[in-house]
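The values are calculated or read from the model by the stated rules, or taken from the named source; none is laboratory data. Quantities reported herein were computed from a predicted structural model and do not represent experimental measurements. Cβ coordinates were reconstructed from backbone atoms using ideal geometry, including for glycine residues, and neighbour counts include every protein chain displayed. Side chains included, ligands, DNA and RNA excluded: accessible areas come from the protein's heavy atoms. Shrake-Rupley method; radii C 1.70, N 1.55, O 1.52, S 1.80 Å.
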2 protein chains.
Amino acid sequence: MQANPILVEQTRGNVVENRHRGAFVVVDATGKVIASAGDVARPVFPRSAIKSMQALAMVTSGAIEKFGLGDEELALACASHHGEDVHVTGVSHFLSHVGMGPDNLECGAHQPTNAAAREALRKAGGVPTPLHNNCSGKHSGMLSVARALGVPTAGYVTREHPVQVEVRKAIETVVGETLSVDRCGVDGCSIPTWAAPLSAWARGFARMATGEGLPDELARAATRVFDAATSHPLLVAGTGHLDTLAMQAFGGRVMQKGGAEGVQCGAIRHQGWGYALKCDDGNMAASQVMVATLLLELAEPDAAQRAVLERFATPTIRNVRGLEVGVLRATEEMRG
Amino acid sequence: MQANPILVEQTRGNVVENRHRGAFVVVDATGKVIASAGDVARPVFPRSAIKSMQALAMVTSGAIEKFGLGDEELALACASHHGEDVHVTGVSHFLSHVGMGPDNLECGAHQPTNAAAREALRKAGGVPTPLHNNCSGKHSGMLSVARALGVPTAGYVTREHPVQVEVRKAIETVVGETLSVDRCGVDGCSIPTWAAPLSAWARGFARMATGEGLPDELARAATRVFDAATSHPLLVAGTGHLDTLAMQAFGGRVMQKGGAEGVQCGAIRHQGWGYALKCDDGNMAASQVMVATLLLELAEPDAAQRAVLERFATPTIRNVRGLEVGVLRATEEMRG
């Protein structure tokens with residue numbers, strides 16, 4: 001039976017202006033449901049929320065060892081970074097390590113996500129390059145996989161390329177399900193994104209957190225990837241972002257990653273739980289309210305962690321002149 | 001009884017990625033329902049979708065006559081303009097007519113909505129002023145009301161100021177309902193926005209389109225405002241925007257105006273119908289799909305009008321590199 005969806009409301013004055021529905025599930029590595037709401041069997045594109053799963057191919061292909069890649073490169077491979085100096089420089093180094101350059105990236109270019117970085121680039125008269133693309137770390141990782149496999153790098157974003165075959169295999173092993181070509185879409189950065197139920201994504205994160213049900217090599221790789229991401233949270237997102245601040249606050253106990261169109265995935269590592277969440281309408285701010293509320297309820301936050309999460313669980317809405325006009329918040333049902 | 005909501009889906013590949021619910025109602029001036037879906041009794045902030053109602057205060061206060069304002073000023077008062085040269089110049093003239101300047105505007109400043117205008121301003125080393133605010137025409141109209149009433153202009157955005165009292169009175173007369181202080185919020189441009197049911201907004205537009213149920217002066221004013229807006233559609237929004245293109249295509253027969261957070265209101269004038277629509281989650285693109293689909297079904301479009309509406313009813317979703325990755329569309333239920 002399908003549970004009621006979760007509901008996030010945006011108020012203006014005393015009135016609810018917008019309503020966002022969503023679904024989430026928290027499970028352990030056996031798939032036992034800890035908490036759930038909404039339709040968690042419906043296929044969902046995880047988008048960037050599973051970059052940590054995609055990064056496993058860097059281990060299984062031998063790229064990490066072959067090119068002597070470190071935790072910073074692994075964290076950047078997991079990242080939707082904000083195009084700040086630390087990210088752009090980091091990805092440049094990453095590419096050098098694997099004998100590649102920005103021209104080999106097939107993610108396309110967009111303005112830095114970080115406003116100050118965007119302004120600095122503009123003032124310097126620069127234009128955004130593929131290095132500024134929030135996915136450039138993941139793409140560098142995929143280039144490293146191609147080089148480790150000894151295959152041509154051109155076209156590494158296509159579904160049939162050995163890199164994407166290797167990535168798909170790693171994801172399938174982790175979630176324990178076959179990804180179907182019928183449910184394959186093209187992601188914002190042009191690689192394949194595979195839709196699967198939230199319950200599968202959540203279980204995959206629980207298995208990555210615990211190693212349960214995974215081949216030894218993949219279990220070790222998963223721990224390495226989560227350790228890398230959670231110990232370099234600034235590299236995984238950017239200044240002021242929920243993912244960065246939550247992972248900083250929880251000091252390795254929580255892996256948290258957002259994906260485009262309202263997806264949030266992660267693991268409460270000390271409890272061995274994985275979670276996956278989707279805002280039905282794709283609204284990112286509402287999905288952050290949902291996941292912050294979920295972590296407040298289930299991740300046993302201390303006072304400092306609580307303070308970080310509460311900022312994202314009830315953000316203020318301001319108008320053009322900066323006046324507070326409303327708030328975004330989960331309804332009582334979700335706050336528990 | 002409440003009808004099923006309307007549903008807009010965004011696909012990626014073969015899978016539905018996002019789901020947007022909404023409600024709409026189409027009525028005649030007596031309130032007789034022509035078509036409806038979802039909860040149309042729930043209070044909705046109309047935001048900028050009712051600027052044409054707010055502009056009626058320019059007539060009732062005598063500002064139009066006193067300052068010799070023309071159709072272009074009325075169209076700008078109805079506008080969420082895109083900050084293109086034609087808009088900025090037009091609002092400057094508007095303010096001169098009423099003996100005011102940009103410093104009197106209390107809407108705040110934001111970058112021009114139009115990308116080329118934004119880029120041109122940047123290249124010229126300029127910063128956005130209140131003239132570039134999409135609401136600057138409406139605010140100029142409100143300044144003209146203050147001057148016609150002979151009251152101080154400062155603070156004209158506050159709920160108790162005689163300007164907002166005059167505006168509120170005009171809206172209440174048109175919709176035939178009292179606006180409640182309990183349902184008053186602060187809009188993006190800092191003026192009050194009053195929540196009322198979609199059925200009330202739709203009926204107000206039907207009454208403005210036909211004059212039925214309105215005092216003669218207000219009926220004449222409404223016709224004048226709709227004529228001004230529909231004969232200067234570029235002033236009401238901007239290059240390439242749904243509101244502009246739809247009004248151009250229908251040549252005065254359709255008044256169409258979007259408002260922030262997924263609101264769309266207007267009138268199918270030749271049928272004497274008003275409509276009001278809200279996407280529950282506030283998504284603007286989905287609300288445009290909904291209203292374009294509604295006009296395709298109900299406004300008796302010819303081939304050229306149909307071609308314009310279809311572009312907005314099924315927009316293509318592209319990724320960073322410009323690849324087509326999906327589409328936004330109303331579900332069968334709405335397409336009829």
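Scan segment A:1-21 for residues that are at pLDDT below 95 and open to solvent by less than 30 Å² (accessible area, probe 1.4 Å) and jot them down. Selection gives A:I6 alone. Within segment A:2-33, the set of residues being aliphatic (A, V, I, L, M), under 26 Å from B:D39 (Cα atoms) and more than 14 Å from chain B (Cβ to nearest Cβ) comprises just one member, A:A3.
Any residue at all in segment A:83-104 that is under 29 Å from A:V289 (Cβ atoms), open to solvent by less than 10 Å² (accessible area, probe 1.4 Å) and outside any loop (DSSP other than H, G, I, E, B)? Scanning segment A:83-104, I find at least one residue that is under 29 Å from A:V289 (Cβ atoms), open to solvent by less than 10 Å² (accessible area, probe 1.4 Å) and outside any loop (DSSP other than H, G, I, E, B), so the answer is yes.
Okay, residues lined up against (1) at positive phi; (2) over 14 Å from the mean Cα position of the chain (by Cα); (3) modelled with pLDDT of 95 or more; (4) among the hydrophobic types (A, V, I, L, M, F, W, C):
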position: B:T239; (1), (2), (3), (4): no, yes, yes, no
position: B:T244; (1), (2), (3), (4): no, no, yes, no
position: B:G252; (1), (2), (3), (4): yes, yes, yes, no
position: B:A267; (1), (2), (3), (4): no, no, yes, yes
position: B:G272; (1), (2), (3), (4): yes, yes, yes, no
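If we scan segment B:294-317, do we find a residue that is more than 30 Å from B:P192 (Cβ to Cβ) and within 14 Å of chain A (Cβ to nearest Cβ)? Within segment B:294-317, one or more residues are more than 30 Å from B:P192 (Cβ to Cβ) and within 14 Å of chain A (Cβ to nearest Cβ).
Determine if segment B:267-277 includes at least one residue that is touching a Pro at 6+ places or on another chain (Cβ under 9 Å) and within 14 Å of another protein chain (Cβ to nearest Cβ). For segment B:267-277, residues touching a Pro at 6+ places or on another chain (Cβ under 9 Å) and within 14 Å of another protein chain (Cβ to nearest Cβ): absent. In this structure, does B:T158 turn out to be open to solvent by 40 Å² or more (accessible area, probe 1.4 Å), outside any helix (DSSP H, G or I) and either more than 12 Å from chain A (Cβ to nearest Cβ) or closer than 28 Å to A:E324 by Cβ (or both)? Spelling it out, B:T158 is indeed open to solvent by 40 Å² or more (accessible area, probe 1.4 Å), outside any helix (DSSP H, G or I) and either more than 12 Å from chain A (Cβ to nearest Cβ) or closer than 28 Å to A:E324 by Cβ (or both).
Pick from B:G101, B:G108: which is more than 21 Å from B:A222 (Cβ to Cβ) and without any contact (Cβ under 8 Å) to a residue 12 or more places away in the chain?
Going through B:G101, B:G108 in turn, just one is more than 21 Å from B:A222 (Cβ to Cβ) and without any contact (Cβ under 8 Å) to a residue 12 or more places away in the chain: B:G101.
Scanning segment B:161-202 for residues that are without any contact (Cβ under 8 Å) to a residue 24 or more places away in the chain, open to solvent by less than 60 Å² (accessible area, probe 1.4 Å) and part of a loop (DSSP other than H, G, I, E, B) yields B:H161, B:L179, B:S180.
Restricting attention to segment A:126-139, the residues that are within 11 Å of chain B (Cβ to nearest Cβ) and either assigned to a loop (DSSP other than H, G, I, E, B) or acidic (D, E) (or both) total 4. With respect to the conditions (1) surrounded by fewer than 24 Cβ atoms within 10 Å (Cβ to Cβ); (2) under 22 Å from B:Q256 (Cβ atoms); (3) touching a residue at least 24 places away in the same chain (Cβ under 8 Å), B:F24 falls short on a single one, namely (1). Among the numbered conditions (1) buried (at least 24 other Cβ atoms within 10 Å of the Cβ); (2) farther than 19 Å from A:H241 by Cα, the only one that A:A77 does not meet is (2). Taking the stated definitions as given, is A:E212 out of contact with any helix residue (DSSP H, G or I) (no Cβ under 6 Å at 6 or more places or on another chain), acidic (D, E) and more than 14 Å from every other protein chain (Cβ to nearest Cβ)? The answer is yes for A:E212.
Selection over segment B:146-155 of residues that are open to solvent by 60 Å² or more (accessible area, probe 1.4 Å) and either at pLDDT below 95 or outside any loop (DSSP other than H, G, I, E, B) (or both) gives a count of 2. Scanning segment A:319-336 for residues that are within 26 Å of B:V157 (Cβ to Cβ), not in a loop (DSSP other than H, G, I, E, B) and not aliphatic (A, V, I, L, M) turns up A:E324, A:G326. Residues in segment B:62-71 that are surrounded by 18 or more Cβ atoms within 10 Å (Cβ to Cβ) and within 29 Å of B:G240 (Cα to Cα): B:L69 alone. Residues in segment A:41-53 that are open to solvent by 30 Å² or more (accessible area, probe 1.4 Å) and within 25 Å of A:A79 (Cα to Cα): A:P43 alone. May I ask you to list the residues in segment A:83-127 that are small (G, A, S) and more than 29 Å from A:P192 (Cβ to Cβ)? Of everything in segment A:83-127, those that are small (G, A, S) and more than 29 Å from A:P192 (Cβ to Cβ) turn out to be A:A115, A:A116, A:A120, A:A124, A:G125, A:G126.
For segment B:34-70, taking the residues that are in a loop (DSSP other than H, G, I, E, B) and of a type in the set (D, E, K, R), the one that is nearest to the other protein chains (Cβ to nearest Cβ) is identified as B:R42.
Taken over segment B:167-207, the residue count meeting the criterion of being within 9 Å of chain A (Cβ to nearest Cβ) and among the β-branched types (V, I, T) is 2.
Applying the selection to segment B:92-123, what residues are more than 14 Å from chain A (Cβ to nearest Cβ) and among the small types (G, A, S)? Before the answer, list the steps.
Of the residues in segment B:92-123, the ones more than 14 Å from chain A (Cβ to nearest Cβ) are B:92-104, B:114, B:116-117, B:120.
Scanning segment B:92-123 gives B:S92, B:S96, B:G99, B:G101, B:A116, B:A117, B:A120.
In segment B:203-318, which helices (runs of 4 or more DSSP H) lie fully inside it and hold 2 or more residues that are charged (D, E, K, R), farther than 24 Å from B:G31 by Cα and open to solvent by 20 Å² or more (accessible area, probe 1.4 Å)?
Details: elements: B:216-231, B:233-236, B:242-250, B:284-298, B:303-313.
Where helices (runs of 4 or more DSSP H) fall fully within segment B:203-318 and carry at least 2 residues being charged (D, E, K, R), farther than 24 Å from B:G31 by Cα and open to solvent by 20 Å² or more (accessible area, probe 1.4 Å), they are B:303-313.
Among the residues that make up segment B:206-223, is at least one of them among the charged types (D, E, K, R) and closer than 21 Å to B:M284 by Cα? Can you show your working first?
Of segment B:206-223, the ones among the charged types (D, E, K, R) are B:207, B:212, B:216-217, B:220.
Those still in the list that are closer than 21 Å to B:M284 by Cα too: none.
No, segment B:206-223 contains no residue that is among the charged types (D, E, K, R) and closer than 21 Å to B:M284 by Cα.
Can you pull out every residue in segment B:87-115 that is closer than 16 Å to B:K138 by Cβ and hydroxyl-bearing (S, T, Y)? Within segment B:87-115, B:S92, B:T113 qualify.
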